[in-house]
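Structure record follows, encoded as structure tokens.
Each reported figure results from applying straightforward, stated rules to the coordinates on display, with no laboratory input. Please read all numbers here as calculations on a predicted model, not as lab measurements. When we count neighbours, we look across all protein chains shown, and the Cβ atoms used for this are built from the backbone with ideal geometry, even at glycine.
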Amino acid sequence: MRKLIASTFVSLDGIMQAPGGPEEDATGGFTQGGWMFAHAADESLDISAAGFDGKDRELVLGRRTYEIFDAYWPYQPDENPIAKIFNAAKKHVASRTLTTLDWNNSTLLGNDVVSAITALKAQPGLDLQIIGSGNLIQSLQAASLIDEYIVWTFPVVLGRGKRLFGRMAKPSSLRLIASKVSASGVVMSTYVPDGDIQLGTFVEDAPSEKALALRKRMASETW
């Protein structure tokens, strides 16, 4: 079975919206687009080595990310190594509204994206890679279909915008299998799912009366 890998750039507060430029995705009144630009000169940020360029993989894209990419990458010259890879790669697009896809080698997944991805993973072929596509990542994380996360955390706080994980994310543990810090402070991490969260407590003594009263207020949502 082939792997499904999610690759994304995020801010320290978990925002993944429009890292590449102000006009990339300004929905919701987002005004901080292009927040990774200050790190563009950091030569230790190797997009290809980290697997962000989709080399030797098939791409899985949500509708919004597909439309952003479709309006940009086909118009870049083949001298651009990422454009050459993206344009040639097989692309699977999750959308309930699109009926046709102009970008070559692109196919629609259908309305039941979870079933479609499950079927794709079971087929022989290259590993599958999600790039961007926050809503799609959230749906597939909740269905336990993502096998690996490549996350670059940039040292910026954005305050608002589209987040990598929403409130409906499935609680789960992750295991760090690779990590590196770039010269400009970007933390480049790779995680794999590691089962359920193991819960516990550091409190060994019996709770005080005040602690019990506080717990009661918390439970009644009056705290």
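A few remarks follow.
- Dipole in debye (nearest 20) - region 129-223, about Cα centre, beta carbon charges: Lys, Arg +1; Asp, Glu -1: 460 debye
- Peptide ranges 206-213, 140-147 listed from the most packed, as the mean C-beta count within 10 angstrom indicates: 140-147, 206-213
- Near SER44, the amide H atoms lying under 5 Å from its own belong to ALA183; only residues 5 or more places off or on other chains count, and H is placed 1.01 Å from N.
- Proximal lysines relative to LYS90, as straight alpha-carbon distance under 27 Å, when same-chain residues fewer than 8 apart are discounted: LYS3, LYS55, LYS121, LYS162
- Taking θ as phi - 60° and the Karplus parameters 6.51, -1.76 and 1.60, the scalar couplings of region 136-149 work out to 5, 4, 4, 5, 6, 5, 5, 8, 6, 9, 8, 9, 7, 10 Hz in sequence order, x denoting glycine and proline.
- Positive-end residue of THR201, TYR72, GLY166, charge dipole of the chain with Cβ unit charges: THR201
- Using alpha carbons only: equivalent-ellipsoid semi-axes of region 1-129, gyration tensor based, whole Å: 24, 18, 16
- Only Lys, Arg, Asp and Glu carry charge here, each on its Cβ (+1 for the first two, -1 for the last two); on that basis region 4-219 has a dipole of about 860 debye about its Cα centre.
- Here's how it looks for SER106: its modeled amide H is under 5 Å from those of LYS91, which are all 5 or more places away or on a different chain.
- Computed over region 82-145, the ratio Rg/Rh where both radii use C-alpha atoms and Rh is Kirkwood: 0.94
- Values of log10 I(q)/I(0), in the order q = 0.10, 0.14, 0.17 Å⁻¹, for the chain under a Debye, Cα-only, solvent-free model: -0.52, -0.93, -1.32
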